[in-house]
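A short write-up of the structure that comes next.
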Amino acid sequence: MLAVIAYCALLFWMSSGPIPAAAPIAFDGLDKLLHAAAYGLLAVMVFHGMLRSGRPWSPRALFWVPVLFAALYGASDEFHQYFV
């Protein structure tokens with residue numbers, strides 16, 4: 001759980017700064033790919049945290065809780081970026 005909190009804090013911190021200069025290797029949709037990777041990793045971390053918790057999670061919960069957590073955290077981060 002601490003790893004998830006630390007990763008969420010890292011994502012928040014990274015989205016609080018200025019937009020970095022364009023990368024030398026860039027293509028259309030790179031930002032979408034990076035967002036999918038970042039929030040996909042968050043979902044995987046939540047999934048593994050749930051598995052390691054020792055609680056009897058249903059397969060449905062093991063899928064939807066990480067997906068919804070990552071989606072809601074991503075939406076809250078987009079809201080945060082609107083004001084930064």
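Give the ranking of Ile25, Ile5, Ile19 by solvent-accessible surface, highest area first, calculated with a 1.4 Å probe.
Ile19, Ile25, Ile5
Under 8 Å for C-alpha pairs, at least 6 residues apart: give me the relative contact order for the chain, rounded to a whole percent.
40 percent
What's the carbon and sulfur percent of the chain's accessible surface, probe 1.4 angstrom, rounded to a whole number?
Here carbon and sulfur together make up 75 percent of the probe-accessible area.
What is the gain in length, in nm to one decimal, between Val84 and Ala9 on full extension, counting 0.36 nm per residue of separation less the C-alpha to C-alpha distance? Before the final figure, lay out the partial values.
Working: separation 75, 0.36 × 75 = 27.00 nm, distance 1.57 nm.
Here the segment from Val84 to Ala9 would lengthen by 25.4 nm.
Which residue fluctuates most in the GNM of the chain (Cα springs below 10 Å): Phe69, Phe27, Phe12?
In the Gaussian network model the winner is Phe27.
With a 1.4 Å probe and every protein chain left in place, work out the accessible area per residue of the chain in Å², rounded to a whole number.
On a per-residue basis, the chain sits at 78 Å².
Where does helix 59-83 land angle-wise versus the long Cα axis of the chain, in degrees 0 to 90, nearest 10?
With both axes taken from Cα atoms, the answer is about 30 degrees.
Show me 72-80, 43-51 ranked by packing, highest mean number of other Cβ atoms within 10 Å first.
Working: 72-80: 13.3, 43-51: 16.4.
In descending order of packing, they fall as 43-51, 72-80.
For the chain, take the longest principal axis of its alpha carbons; what is the angle in degrees between that and the long axis of helix 30-52, to the nearest 10 within 0 to 90?
20 degrees
The values are calculated or read from the model by the stated rules, or taken from the named source; none is laboratory data. The structure presented is a predicted model; accordingly, all values stated were derived computationally and were not measured. Neighbour counts are summed over all protein chains in view; Cβ atoms, including those assigned to glycine, are modelled from backbone coordinates with ideal geometry. In case anyone asks, the SASA skips ligands and DNA or RNA and just uses the protein heavy atoms, side chains included. Shrake-Rupley method; radii C 1.70, N 1.55, O 1.52, S 1.80 Å.
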